[in-house]
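Below: one structure, written as structure tokens.
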Amino acid sequence: MNNSSIKELLPVKDSFNRRIDYLRISITDKCNLKCVYCVSSKELKYFNNAEIMTDEEIVRFVRIAHKHGLRKVRITGGEPLLRKNIISLISSIKEIGINNLSLTTNGIMLAELAGDLKKAGLDRVNISLDTMNAGRYKEITKKGDINRVWESIKAAERVGLSPVKINMVPIRGINDDEILSFASLTFKKDYHIRFIEFMPVTSNGMWRREKCVSSKEIMGIISRLGGLESFKFRGEGPSRNYRIKGAVGVIGIISPISDHFCKSCNRLRLTSNGKIRPCLFSKDEVDIKTPMRNGADDEDIERLFLYTISIKPERHKLDENIAVADHIKNMSKIGG
Ligand code: SAM
């Protein structure tokens, strides 16, 4: 690709006229939990340190992408708070001019870090919590202490990492009986409770279609609590949002399986080992770390960024062919 083709791709729209302004960055593949629906211990082999993108490489890539319209970044993993220097990494990304900077965490270590993260420029957090029952939490996460997550939720509220969003993945027979309790939290708190359909992203055999609670079913359950008013936030992405009559918080429904949102997908992903992925479910990856380490200049990296956008598929085919996600093996490797 030469310079003139770079110009043709500006402003950064993909082949399906979607404007790509959102990057999810996995900054580590390591996690301090082993959630049964996320990690396949069989396949789990961590990258060694040399394989992981350095802070400088990540910041450099964000700076280059920002010149082409990147405005929104989410930091994820693995568990992103395990990364050393997370505070300075956040502040370096913020300084580039990313005005929408958020982080997804399991909340085990957030309570201690929330204040510094906010000061460094983090805008918001999503905290993953799939049950409110301490014993069940331990079963799902293999070793987590739910009290730490509640402490983190309180700390995030206190320091203004808000609105606090809680990610819940309902799985039939495991935690689907808690959908109502999670939705009810929005009567007392202005949390955003985000119900995410269970996706086939591990190779541990745990996923079966009948275990996935569809967004339609989730809505049916929640509507027992009262009428649902639907509304849109600017730049909210794939979440369909509702407020139950009389509630202060928000319900978000994310349905990658039953009603994919590819038409409005505005994102790329950067894996912790330096590959840009045009779609969570695609097999294509574009390596930026090796060229960076071999002396590529910013223009070379720009070309790779723009090339990845140009190969972004129109849609994923999960609903037609579930096996398509076999190659993912572990969500924690790519970043959820
Ligand atoms: N460690 C962080 C955390 O727990 O939030 C960030 C990484 S985790 C992979 C990011 C999100 O992916 C979590 O909210 C998790 O619930 C979601 N996730 C993982 N496996 C999933 C699956 N099979 N289906 C749907 N969501 C999944």
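Just so you know, all these numbers are worked out from the coordinates, no wet-lab data involved. Fair warning: this is a prediction, and the values are worked out from it, not measured in the lab. No Cβ is skipped: glycine too gets one built from the backbone with ideal geometry, and neighbour counts run over all protein chains shown.
Things worth noting here:
- Under the Debye formula (equal points on every Cα, no solvent term), log10 I(q)/I(0) of segment 155-245 at q = 0.18, 0.19, 0.20 Å⁻¹: -0.90, -0.98, -1.05
- When Rg and the Kirkwood radius Rh are both evaluated on Cα atoms of the chain, their ratio Rg/Rh stands at 0.95.
- Annotation for ASP284 and PHE261: the two label points, set 7 Å from Cα along the Cα-Cβ direction, are 2.3 nm apart.
- Inter-centroid distance (Cα atoms) of segment 160-217 relative to segment 108-138, Å: 16
- Only beta bridges with both residues in segment 3-333 are counted; by DSSP, about 30 percent of them are antiparallel.
- Cα-centre dipole for segment 3-333 with unit charges at Cβ (Lys and Arg positive, Asp and Glu negative), debye to 20: 500
- Note on the chain: dipole from Cβ charges, positive end direction compared against LEU280, GLY115, PRO200; the farthest Cα belongs to GLY115.
- Sum of -39500 (n - 2.57) over DSSP H runs of 4+, divided by residues of the chain (222 nm, nearest 500): -8500 deg cm²/dmol
- Over segment 12-164, volume per residue of the alpha carbon convex hull, in Å³: 134
- Between segment 284-302 and segment 73-93, the alpha-carbon center distance in angstrom: 21
- Cα long-axis angle, helix 55-66 against the chain (0 to 90 degrees, to the nearest 10): 80
- Here the extension length gained between LYS143 and ASN204 equals 20.1 nm, from 0.36 nm per residue of separation less the Cα-Cα distance.
- Angle between the chain longest axis and helix 298-310 axis [Cα atoms, degrees, rounded to 10]: 50
- Filter on LYS13/LYS188; LYS189/LYS312; LYS67/LYS275 - keep pairs with C-alpha separation over 30 Å: LYS13/LYS188; LYS189/LYS312
- Across LYS84/LYS143; LYS118/LYS263; LYS34/LYS232, pairs whose alpha-carbon gap is larger than 29 Å: LYS118/LYS263; LYS34/LYS232
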